[in-house]
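The values are calculated or read from the model by the stated rules, or taken from the named source; none is laboratory data. Since we're looking at a predicted model, the values are computed, not measured. Virtual Cβ from ideal backbone geometry, glycine too; neighbours counted across all protein chains shown. Accessible surface areas use protein heavy atoms only, side chains included; no ligands, DNA or RNA. Shrake-Rupley method; radii C 1.70, N 1.55, O 1.52, S 1.80 Å.
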Amino acid sequence: MIFGIMGLCLFYYFDNRVKLKVDKYGIWTIKHKETSWDDIWYFSTTVCNMKEGDLYYLKLRLKDTEDRLDKELKIRYRRMDKDFTEVRELISHFAKQYNIQDLGHEKEI
């Protein structure tokens, strides 16, 4: 069991897959796949400072449709190749183009 836990920790430590992609089409994650800019109503970000490394949250509130009501995506990530401020600036840039509300940024300790 100890070797299994150690193996899992090593897997996540050396995992270099793309976890978050922000481009002109929308926001892509492994779990939620592509979310287009036209589907997003507002967003906010949060950073939690922890001993093991900072943990970042991107919360997206999606627009209501007939099939989807009150849907919110909470994307959690850490250990990125880009600085968090760069990612936030890029999301804010596209949000302005698509009239998406920015609810701000929080820091949790």
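Note on the chain: along the principal axes its Cα atoms extend 48, 29, 24 Å, ordered by decreasing extent.
DSSP assigns beta bridges within region 1-101; of those with both partners inside it, close to 95 percent run antiparallel.
The angle separating the long axis of helix 84-97 from the principal Cα axis of greatest extent in the chain is about 20 degrees.
So what's the back-of-envelope 222 nm ellipticity for the chain, counting only DSSP H runs of four-plus at -39500 (n - 2.57) apiece and dividing by all residues, rounded to 500?
Numbers: 2 runs with 27 residues, N = 109.
Result for the chain: -8000 deg cm²/dmol, rounded to the nearest 500.
Sorting 37-48, 62-73, 83-94 by their mean Cβ neighbour count within 10 Å, with the most densely packed peptide first, gives 37-48, 83-94, 62-73.
The listed residues Tyr98, Tyr56 rank as Tyr98, Tyr56 when sorted by accessible area, largest first, using a 1.4 Å probe.
Helix 2-14 axis versus longest C-alpha principal axis of the chain: approximately 50°, rounded to the nearest ten.
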